[in-house]
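Trainee: Okay, here's the structure, questions in a sec.
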Amino acid sequence: MENKKINILMFSGEYDKAMAALILANSAKEMDVEVTMFFAFWGLCLLREPEKVTMDNKTMYEKMFSAMTPKGAEQLPLSKMNFSGIGKEMMLDMINDNEAPRLIDFLNGARKKGVRFCGCKLSMDIMGFKEEELIPELEVIDAKTYLSDALESDMQLFI
Amino acid sequence: MENKKINILMFSGEYDKAMAALILANSAKEMDVEVTMFFAFWGLCLLREPEKVTMDNKTMYEKMFSAMTPKGAEQLPLSKMNFSGIGKEMMLDMINDNEAPRLIDFLNGARKKGVRFCGCKLSMDIMGFKEEELIPELEVIDAKTYLSDALESDMQLFI
Amino acid sequence: MENKKINILMFSGEYDKAMAALILANSAKEMDVEVTMFFAFWGLCLLREPEKVTMDNKTMYEKMFSAMTPKGAEQLPLSKMNFSGIGKEMMLDMINDNEAPRLIDFLNGARKKGVRFCGCKLSMDIMGFKEEELIPELEVIDAKTYLSDALESDMQLFI
């Protein structure tokens with residue numbers, strides 16, 4: 001399906017929802033469909049690189065917030081039945097039993113396949129996430145740039 | 001509105017969200033709009049037939065998972081104010097007071113009206129749900145088949 | 001981007017999700033894009049005017065429900081890390097530090113800019129919210145009217 005385009009607004013910061021979004025992004029690219037993902041609010045946690053998290057130039061609240069939120073894809077909780085991580089471990093074992101890839105594999109697959117990664121400037125300002133803490137290919141854009149891309153797409157999802 | 005088409009990705013497994021999705025599906029069919037619903041992850045719980053749930057050919061994790069998740073439409077919790085079921089009972093009484101149908105009625109309405117029901121193969125594999133435990137008209141498809149249908153639709157929702 | 005149209009179904013009643021929806025609505029109007037917002041279930045809490053909440057002509061359940069749900073935009077909880085309000089206070093302080101507007105400002109902005117506000121009749125009946133308790137410009141419509149508007153739009157989101 002060439003000349004088709006998908007836009008996904010990734011608002012949630014949960015393992016299972018991020019998995020759904022990234023499975024769609026990978027599958028679409030394999031079908032030659034263009035994909036833009038726009039990460040806002042909790043969705044940005046998915047793109048943090050754990051080894052690059054910094055406390056420099058952050059207010060007290062930003063430091064607390066930075067410490068309390070998931071640092072990267074594999075730290076995201078489940079949206080249901082998380083039970084302080086037990087439910088997630090169980091789900092990961094079930095994924096392993098089925099030889100299905102983990103979230104980080106889908107994320108890296110999407111990066112390799114050329115999904116366009118955009119981050120919401122306002123969310124980054126409010127949450128105190130710095131550009132250098134997130135994956136390097138991220139383009140920081142505003143809501144209007146998101147809307148222009150989404151309005152030109154053949155489908156849009158808010159996840 | 002003939003020749004129009006809607007695609008709903010049902011990811012959530014909550015009573016109120018499933019209600020919203022099925023009210024839209026029923027209303028659309030009444031307007032001669034085509035409807036495809038694609039059930040993934042927790043959304044599949046909605047389509048379990050309580051009397052068909054089986055523990056055969058399941059791993060230990062799949063058995064635990066099967067026991068801990070809702071078995072069919074009427075067992076789904078509310079997304080908010082569930083309070084171990086008290087909030088849901090209250091909501092159901094309020095629905096009754098207004099002579100509004102319950103979730104199971106909307107589900108059966110959608111089945112009768114010819115909504116296309118599709119289930120996500122990967123989710124079923126990971127969660128260990130077997131085809132024979134779910135409603136019989138379910139077509140098991142992969143993410144690419146979902147995307148093809150969604151890209152040809154006039155609107156797409158992720159619920 | 002003239003002659004373009006966006007439709008947002010606001011189902012959730014959470015501060016951060018309402019913020020995302022209203023930032024998009026405001027930005028779209030600034031780009032001369034038409035915007036309809038359809039409020040259903042918990043989303044209706046956003047449009048309650050705290051000083052107009054009434055217990056008249058409500059059943060016992062409707063009174064309880066009315067008392068237990070947020071009364072207007074600023075009372076909505078966060079979808080994550082709410083911690084009985086501490087997380088929300090922290091987030092609000094972070095918004096203030098960045099001189100970003102609060103939810104109520106985005107709501108009033110959307111009202112001033114001419115976003116079309118619609119409320120779901122069935123949800124209002126079930127939840128016992130009266131028209132006079134909500135913002136005055138709200139049009140009460142049914143699911144079919146929502147679908148007609150959404151199907152004529154260039155993008156649709158379920159939030």
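The values are calculated or read from the model by the stated rules, or taken from the named source; none is laboratory data. For clarity, every value in this text was computed on a predicted model and none was experimentally measured. Every residue, glycine among them, receives a Cβ derived from its backbone with ideal geometry; neighbour counts consider all protein chains shown. Each accessible area value is taken on the protein alone, full model and side chains, heavy atoms only, with ligands, DNA and RNA left out. Shrake-Rupley method; radii C 1.70, N 1.55, O 1.52, S 1.80 Å.
Trainee: DSSP loop GluC sites (Glu not before Pro) in the stretch C:90-159 with at most 14 other Cβ atoms within 10 Å of their Cβ, which ones? Could the numbers behind the result be given before it?
Mentor: Details: sites: C:Glu99, C:Glu131, C:Glu132, C:Glu133, C:Glu137, C:Glu139, C:Glu152; in loops: C:Glu99, C:Glu137, C:Glu152.
Here the GluC sites (Glu not before Pro) that fit, given the DSSP loop and packing criteria, are C:Glu99, C:Glu137.
Trainee: Would you please classify the overall shape of chain A from the alpha carbon gyration tensor, given that a ≥ b ≥ c denote the square roots of the eigenvalues, rounded means a/c under 1.5, and beyond that prolate means a/b larger than b/c while oblate covers the rest? Don't jump to the answer; show the numbers that get you there.
Mentor: Values: a/c = 1.92, a/b = 1.09, b/c = 1.77.
Verdict is oblate for chain A.
Trainee: Between the stretch C:117-159 and the stretch A:10-77, what's the alpha-carbon centroid distance in Å?
Mentor: First find each Cα centre; the distance between them is then 32 Å.
Trainee: Provide the net charge surrounding B:Leu151, with neighbours chosen by a C-beta distance below 12 Å and charges set as Lys +1, Arg +1, Asp -1, Glu -1.
Mentor: -3
Trainee: Provide the per residue accessible area, probe 1.4 Å, for the protein assembly as shown, rounded to a whole number of square angstrom.
Mentor: Numbers: 18310 Å² over 477 residues.
The answer is 38 Å² per residue.
Trainee: Kindly compute the accessible surface that chains A and C hide from a 1.4 Å probe when together, both sides summed, and give it to the nearest 100 Å². Mind dumping the intermediate values first?
Mentor: On the way: alone 8910 and 8910 Å², together 15000 Å².
Result for this pair: about 2800 Å² buried.
Trainee: Here is a further query. Identify all aspartates and glutamates with a Cα-Cα distance to C:Lys144 below 13 Å; exclude those on the same chain that are fewer than 8 residues away in sequence.
Mentor: B:Glu30, B:Asp32, C:Glu152
Trainee: Let me ask something else. Across the stretch A:54-64, in residue order, what do the Karplus-derived ³J(HN,Hα) couplings come to in whole Hz, using 6.51 cos²θ - 1.76 cosθ + 1.60 with θ = phi - 60° and x for Gly and Pro?
Mentor: Each residue of the stretch A:54-64 in turn: 10, 9, 5, 6, 10, 6, 4, 4, 5, 5, 4 Hz.
Trainee: Going 7 Å from Cα along the Cα-Cβ axis for the label, what nanometre distances separate A:Glu152 from the same residue across the other copies?
Mentor: Spelled out, the distances from A:Glu152's label point are 2.7, 2.7 nm.
Trainee: Turning to a different aspect of this structure: Compute the relative contact order of chain C as a whole-number percentage, counting only Cα pairs closer than 8 Å that sit 6 or more residues apart in sequence. If you can, show how the numbers build up before the last one.
Mentor: Values: 243 pairs, mean separation 58.8, N = 159.
With pairs under 8 Å counted, the relative contact order is 37 percent.
Trainee: Which shape class, rounded, prolate or oblate, goes with the stretch A:66-127 when its Cα gyration tensor gives a ≥ b ≥ c as root eigenvalues, a/c under 1.5 marks rounded, and past that a/b bigger than b/c marks prolate?
Mentor: On the way: a/c = 3.26, a/b = 1.27, b/c = 2.58.
Verdict is oblate for the stretch A:66-127.
Trainee: Just add up the charged neighbours of B:Gly119: K/R +1, D/E -1, any other residue whose Cβ is under 10 Å from the Cβ of B:Gly119. Display every interim value, and only then the final one.
Mentor: Details: positive: B:Lys121; negative: B:Glu131, B:Glu139.
Every neighbour counted, the sum reads -1.
Trainee: May I ask you to evaluate 6.51 cos²θ - 1.76 cosθ + 1.60, the Karplus curve with θ = phi - 60°, for each residue of the stretch B:76-91 and list the ³J(HN,Hα) values in order in whole Hz, giving x for glycine and proline?
Mentor: Calculated HN-Hα couplings, in order: 5, x, 6, 6, 9, 6, 6, 6, 6, x, 5, x, 5, 4, 4, 4 Hz.
Trainee: Going Cα to Cα from C:Lys52, which aspartates and glutamates come in below 13 Å? Please leave out same-chain ones fewer than 8 positions away.
Mentor: C:Glu131, C:Glu132, C:Glu133
Trainee: A:Leu134: net charge of surrounding residues, Cβ under 10 Å, Lys/Arg +1, Asp/Glu -1, itself excluded?
Mentor: -2
Trainee: So, with +1 on the Cβ of K and R and -1 on the Cβ of D and E, and no other charges, what is the size of the charge dipole of chain A about its Cα centre, to the nearest 20 debye? Present the calculation step by step, with values, prior to reporting the outcome.
Mentor: On the way: 19 positive and 26 negative charges, 59 e Å.
It comes to approximately 280 debye.
Trainee: Translational diffusion coefficient, Stokes-Einstein: compute it for the stretch A:1-89 using the Kirkwood radius over C-alpha pairs as Rh, at 4 °C and 1.567 mPa s, and state it as an integer in µm² s⁻¹. Intermediate values should be presented prior to the final figure.
Mentor: Numbers: Rh = 14.6 Å.
It comes out at roughly 89 µm²/s.
Trainee: B:Val140 accessible area, nearest 10 Å², 1.4 Å probe?
Mentor: Counting only protein heavy atoms, B:Val140 exposes about 50 Å² to solvent.
Trainee: A further question follows. For the stretch B:59-130, what relative contact order do you get, as a whole percent, if you take Cα pairs closer than 8 Å and at least 6 residues apart? Could the numbers behind the result be given before it?
Mentor: Working: 24 pairs, mean separation 26.3, N = 72.
Rounded, it is 37 percent for the stretch B:59-130.
Trainee: Give me the distance in nm between label points sitting 7 Å out from Cα along the Cα-to-Cβ direction at A:Ile104 and B:Glu89, one decimal.
Mentor: Here the answer is 4.6 nm between the modelled labels.
Trainee: In whole Hz, with x marking every Gly and Pro, tabulate ³J(HN,Hα) for the stretch A:113-123 from phi via Karplus 6.51 cos²θ - 1.76 cosθ + 1.60, θ = phi - 60°.
Mentor: My calculation for the stretch A:113-123 gives 7, x, 4, 7, 9, 10, x, 7, 4, 4, 4 Hz in order.
Trainee: What relative contact order, as a whole-number percentage, does the stretch B:1-85 give when Cα pairs under 8 Å and 6 or more residues apart are counted? Intermediate values should be presented prior to the final figure.
Mentor: Numbers: 103 pairs, mean separation 31.0, N = 85.
36 percent.
Trainee: May I ask which residue of chain A has the beta-carbon nearest to the axis carrying chain A onto chain B, and at what distance in whole Å?
Mentor: A:Phe158, 4
Trainee: Got a number for carbon plus sulfur as a percent of chain C's accessible area, 1.4 Å probe?
Mentor: Percent of accessible area from carbon and sulfur atoms in chain C: 48.
Trainee: Let me ask another. Going through the cross-link list B:Lys88/C:Lys130; B:Lys4/C:Lys113; B:Lys5/B:Lys80, which pairs have a Cα-Cα distance over 27 Å in this structure? Intermediate results must be reported in sequence, preceding the final value.
Mentor: Numbers: B:Lys88/C:Lys130 21 Å; B:Lys4/C:Lys113 30 Å; B:Lys5/B:Lys80 30 Å.
The pairs that break the limit, which is 27 Å between Cα atoms, are B:Lys4/C:Lys113; B:Lys5/B:Lys80.
Trainee: Distances from A:Pro50 to the same position in the other copies: list them in nm, one decimal, shortest first, using label points 7 Å from Cα along Cα→Cβ.
Mentor: When each copy's label point is compared with this one, the spacings are 4.2, 4.2 nm.
Trainee: Can you give me the solvent accessible area of C:Lys52 with a 1.4 Å probe, rounded to the nearest 10 Å²?
Mentor: 80
Trainee: For the protein assembly as shown, just run the numbers: alpha carbon Rg, then divide by 2.2 N^0.38 Å, N being how many residues it has. All intermediate terms of the calculation are to be shown ahead of the outcome.
Mentor: On the way: Rg = 21.4 Å, N = 477, 2.2 N^0.38 = 22.9 Å.
Cα Rg divided by the expected 2.2 N^0.38 Å: 0.93.
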